[in-house]
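Peer 1: This is the structure I have questions about; it appears just below.
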Amino acid sequence: MPPSQLLPEPATEFPLVAEFPAETFPPLRDRPTVEVPDGLTDRRDVEVKLHKPTLSASDGEKVLAAVYNDAAVKKLLGDSFTVIGIRKSPTKVGTETVALFYSYDNQWAVEAELVGKKVIAQPMRYQPCITEKEFSRAVEIARSGLSFNLDGLEGGVIAIERAEPDDPYAGRRLADVRFFVPDERLARYFAIVDLATDNVLDAGSVADHHG
């Protein structure tokens, strides 16, 4: 077969392809302003109606007082716990009033329903949302546990739970605290706080942690 009809030699070298990671640190800055279509510039004010609270402060205190006096609830809560909130909602047969707590001693949520003067309580294995008091406490503990300069950084908190059976902190109420600048894509520093003991379990730079 003549050389002109032979297939070319296969390529043995390939150009290097580089991709940006999903998260960059420092985050991208000086991003161009996104153009908004003209149709979105015609904006009109709308009336916002806020829902009235279904439970007054005085009624809430009465519910908590009734629940606190129940022996079963006291046993489920232990000595160290926090009040998550009270829910009062209509049902097909009347009104349902439920107080939600989290027990740091027993590491479970406690739902206590008030039916007349009777309290029906049960433990639940899940993590309710972080309360305002827990939020402030977790940020304060995290700040004391980090050696970085956190001046000017905002703090954010979410409740997390470790589920691995061999993890000594599995099932405990943990707070993942992040310190960040609002216009940056990635938080700068993090701390994992055990809300039952007020201890910092892990902390450091988010960039190093993800790297």
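Peer 1: Does Arg173 satisfy the condition of being open to solvent by 50 Å² or more (accessible area, probe 1.4 Å) and charged (D, E, K, R)?
Peer 2: Answer is no for this residue.
Peer 1: In the range 67-94, what residues are open to solvent by less than 90 Å² (accessible area, probe 1.4 Å), assigned to a strand (DSSP E or B) and either free of Cβ contacts under 8 Å to residues at least 24 places away in the same chain or not hydrophobic (A, V, I, L, M, F, W, C) (or both)?
Peer 2: Answer for the range 67-94, where residues must be open to solvent by less than 90 Å² (accessible area, probe 1.4 Å), assigned to a strand (DSSP E or B) and either free of Cβ contacts under 8 Å to residues at least 24 places away in the same chain or not hydrophobic (A, V, I, L, M, F, W, C) (or both): Thr82, Gly85, Lys88, Ser89.
Peer 1: Now for a separate question. Only one residue in Ala109, Ala11 is over 30 Å from Arg188 (Cβ atoms) and either modelled with pLDDT of 90 or more or touching a Cys at 6+ places or on another chain (Cβ under 9 Å) (or both), so which one is that?
Peer 2: Every option except Ala109 fails the conditions.
Peer 1: Sticking with this one: Could you pull out the residue among Leu114, Leu150 that is surrounded by 14 or more Cβ atoms within 10 Å (Cβ to Cβ), aliphatic (A, V, I, L, M), more than 18 Å from the chain's Cα centre (by Cα) and in a loop (DSSP other than H, G, I, E, B)?
Peer 2: Leu150
Yes/no matrix, rows are residues, columns are (1) touching a Cys at 6+ places or on another chain (Cβ under 8 Å); (2) under 14 Å from Ala72 (Cα atoms); (3) among the β-branched types (Val, Ile, Thr):
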position	(1), (2), (3)
Val93	no, no, yes
Val98	no, no, yes
Phe101	no, yes, no
Pro123	no, yes, no
Cys129	no, no, no
Glu134	no, no, no
Arg137	no, no, no
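Peer 1: Follow-up question, since we're still on this one. Just to be sure before I move on: is Asp208 out of contact with any His (no Cβ under 6 Å at 6 or more places or on another chain), modelled with pLDDT of 95 or more and open to solvent by 70 Å² or more (accessible area, probe 1.4 Å) in the structure I sent?
Peer 2: no
Peer 1: Looking for whichever is in a strand (DSSP E or B) and basic (Lys, Arg) here; the options are Arg137, Arg178, Arg143, Arg172. Which one fits?
Peer 2: After applying the criteria, what remains is Arg178.
The values are calculated or read from the model by the stated rules, or taken from the named source; none is laboratory data. Computed from a predicted model, the values in this text were never measured in an experiment. Counting neighbours? That spans all protein chains shown, and the Cβs are built from the backbone with ideal geometry, glycine included. Accessible surface areas use protein heavy atoms only, side chains included; no ligands, DNA or RNA. Shrake-Rupley method; radii C 1.70, N 1.55, O 1.52, S 1.80 Å.
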